[in-house]
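Take a look at the structure set out below.
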Amino acid sequence: MSSAASPIDLVPPDISRWRSGNTGVEYVWRWTASEPGPNVAITALMHGNEICGAIALDQLLREEVRPARGTLTLAFLNVDAFATFDPKDPHASRYLDEDMNRVWDRATLEGSRGSRELRRTRATRRFFDDADFLLDIHSMTNANAPMMLTGMADRHTAFARRLRAPSYLVRDAGHESGARLRDYGRFADPAATPVALLIECGQHWANATAEVATDAAWRFLAASGILDPADAAHRLAQARAPQRCVLVTHRVDVSHDDFKFTEDYVGLEIIARAGTIFARERGRDFHTPYDDCVLIMPARRIVRGTTAVRLGRFEWSEGGG
């Protein structure tokens, strides 16, 4: 994979003004309207170098967005990692001790293991225990088109379609290396009703990525019903390209240091023929399992024991195809 550095076009916002919060937990803000309604949460900075979500939440807070009904929570998560962000080494601030988006299971959260990420997760988890709708904002290393990761339950995909953006929806079962926030608690229960979405807004530090994050936040609030219709109706009315849904069927893990892709894939490539070799490792060839195989978020940094890429196929496309 190419290791060329990506330009840092986005300027990290100064979020120190939001440190106090209003919940007793730093950088977490919550408001409850007098009229009953859904409990909606939007999160940013799960990874300290993914700054587009911080820009989106900073804007919502500066514009004093408040729920017309129900409860709204806005939370900056791995703020300690974000505080270390350095444009000269922008990948280094992803996390401090461990990936915060791999610890959202009750056994880990209620166990004895400690890390700076776990301390923050334990301090904030209560704000998601009672959430009816959650949007977790992320970005990507490669310059992919934005995509919404919906999980496997149909209710998540159905809600993502109501947002009318982004164009790509990805149904996946999560990570073997640990549970994400979008798979936490009731969000992963097939018999429950809460909806959780994880949006990958584009390349980490491209200007368009912040625009996608802000647009997605407004669309999510509007679709949840927490706002007065006039507050964000214009977002849902904007024309968007038809959506396509990809079902992830296979995960390709790295076993040896010599793993290599056959081409410089960046993601969402469609390999037309089943049996096409797309990667090699110690004499082993990896083949596409079916025609029109979609590559989902191929890793730029190949590390033994991690996932190199996920493979998927299109389940449906609006407008046919």
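None of the figures in this text is laboratory data; all of them are computed from the coordinates on show. The model shown is predicted, which means the values in this text are computed figures rather than measured ones. As a convention, Cβ positions derive from the backbone with ideal geometry for all residues, glycine included, and neighbour counts pool all protein chains shown.
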Can you give the FRET efficiency to the nearest 0.05 for R161 and S115, using r as the Cβ-Cβ distance and R₀ = 30 Å? 0.25
Net charge around Y168, counting only other residues with Cβ within less than 14 Å of its Cβ (Lys, Arg = +1; Asp, Glu = -1)? +2
Among N78, A131, F159, pick out the residue whose Cα is farthest towards the positive end of the charge dipole of the stretch 77-168, where Lys and Arg carry +1 and Asp and Glu carry -1 on C-beta, about the Cα centre. F159
For the stretch 153-255, compute Rh as the Kirkwood radius over C-alpha pairs and then the Stokes-Einstein diffusion coefficient at 25 °C and 0.890 mPa s; write the answer in µm²/s, rounded to an integer. 161 µm²/s
Given the C-alpha centroids of the stretch 145-189 and the stretch 262-321, what is the distance between them in whole angstrom? 19 Å
With no solvent and one equal point scatterer per Cα, compute the Debye intensity ratio I(q)/I(0) for the stretch 210-278 at 0.17, 0.20 Å⁻¹ and report its log10, rounded to two decimals. -0.82, -0.94
When the Cα atoms of the stretch 247-315 are enclosed in a convex hull and the volume is divided per residue, what value in Å³ results? 74 Å³
Output for the stretch 73-154: GluC sites (Glu not before Pro) sitting in coil per DSSP, at most 10 other Cβ within 10 Å, listed by number, reads E110
Taking the Cβ of P289 as the centre, find all other residues whose Cβ is under 14 Å away and add up their charges (Lys, Arg: +1; Asp, Glu: -1). +1
Within the set of other residues whose C-beta is less than 15 Å from the C-beta of R17, count the net charge using Lys and Arg as +1 and Asp and Glu as -1. -3
Ordered by number, the trypsin sites (Lys or Arg not before Pro) in the stretch 1-53 that occupy a DSSP loop and have at most 15 other Cβ atoms within 10 Å are R19
To the nearest 10 degrees, how steep is helix 207-224 against the longest Cα principal axis of the chain, on a 0 to 90 scale? 60 degrees
Helix 52-62: angle to the longest alpha-carbon principal axis of the chain, degrees 0 to 90, nearest 10? 10 degrees
Over the Cα atoms of the stretch 16-237, what Rg and Dmax result, in angstrom? 16.1, 48
I want to make sure I understand the PRE zone here: with the label point 7 angstrom from the Cα of R304 toward its beta carbon, which residues in the stretch 80-96 have backbone N atoms less than 18 Å away? none
Work out the P(r) tail for the stretch 103-173: percent of alpha carbon pairs separated by more than 19 Å, whole number. 51 percent
Counting only C-alpha contacts under 8 Å and six or more residues apart, can you give the relative contact order of the chain as a whole percent? 18 percent
Please report the antiparallel percentage of the DSSP beta bridges confined to the stretch 16-237, to the nearest 5. 30 percent
Given 302-311, 148-157, the highest-first ranking by average Cβ count within 10 Å works out to 148-157, 302-311
Which of V246, V28, V11 moves most in a GNM of the chain, Cα contacts under 10 Å? V11
